[in-house]
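S.K.: Encoded as structure tokens, here's the structure I'll be asking about.
The values are calculated or read from the model by the stated rules, or taken from the named source; none is laboratory data. This structure is a prediction, so every number in the text was calculated from the model and none was measured. Because the Cβ atoms are built from the backbone with ideal geometry, glycine has one as well, and the counts that use them run over all protein chains shown.
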Amino acid sequence: MSKKATGLTTALKKRLFFVNNKHFAGFSLIEVMITTLLFSIIMLGFINYQQALLNKHRYFANNLRANKIAFQLLDSYPYTNHQIIPSGWQYKITSKIYNTECKMVEITVSTPNKQIIKQQRFFCDLH
């Protein structure tokens, strides 16, 4: 007997090719449905994870941008450049007298999503 005939005989003994027999290879419909359900649940989990990462990225990007704006406003104090403030954002400049020669200037930048960034710096007259 050839190898091909031997393989066919082995397959026939295992009854893998008989459609009328109850023993055939493959997946049942319920197995495929359960696998599809598990796959879709896992994909929804990944989508939610990606959305959470995107929200955190936006939060930290706004935080970094607000810090940069606050430092730019401090660097240009007492002259303020209103063009560096994005629309919807607000800022407030307060100054407190520290002693006869120095004052502390505090910049508060508020983002649309209610983040508040504060930066402060001492300015002293060296007369």
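S.K.: Which ones in segment 68-92 are surrounded by 13 or more Cβ atoms within 10 Å (Cβ to Cβ) and either over 27 Å from the mean Cα position of the chain (by Cα) or under 10 Å from I107 (Cβ atoms) (or both)?
M.R.: If the condition is that a residue be surrounded by 13 or more Cβ atoms within 10 Å (Cβ to Cβ) and either over 27 Å from the mean Cα position of the chain (by Cα) or under 10 Å from I107 (Cβ atoms) (or both), then I69, A70, F71, Q72, L73, L74, Y77, T80, Y91 are the ones that fit.
S.K.: Would you check if there is a residue in segment 98-108 being part of a strand (DSSP E or B), over 20 Å from N62 (Cβ atoms) and in contact with a helix residue (DSSP H, G or I) (Cβ under 8 Å, 6 or more places away or on another chain)?
M.R.: Yes, that holds for at least one residue.
S.K.: Moving on to the next point. Scan (1) modelled with pLDDT of 95 or more; (2) surrounded by 11 or more Cβ atoms within 10 Å (Cβ to Cβ); (3) not basic (K, R) for the single condition S95 breaks and write down its number.
M.R.: Of everything listed in (1) modelled with pLDDT of 95 or more; (2) surrounded by 11 or more Cβ atoms within 10 Å (Cβ to Cβ); (3) not basic (K, R), S95 misses just condition (1).
S.K.: Related question: Of the residues in segment 53-84, how many are touching a residue at least 24 places away in the same chain (Cβ under 8 Å) and either in contact with a His (Cβ under 6 Å, 6 or more places away or on another chain) or assigned to a loop (DSSP other than H, G, I, E, B) (or both)?
M.R.: 1
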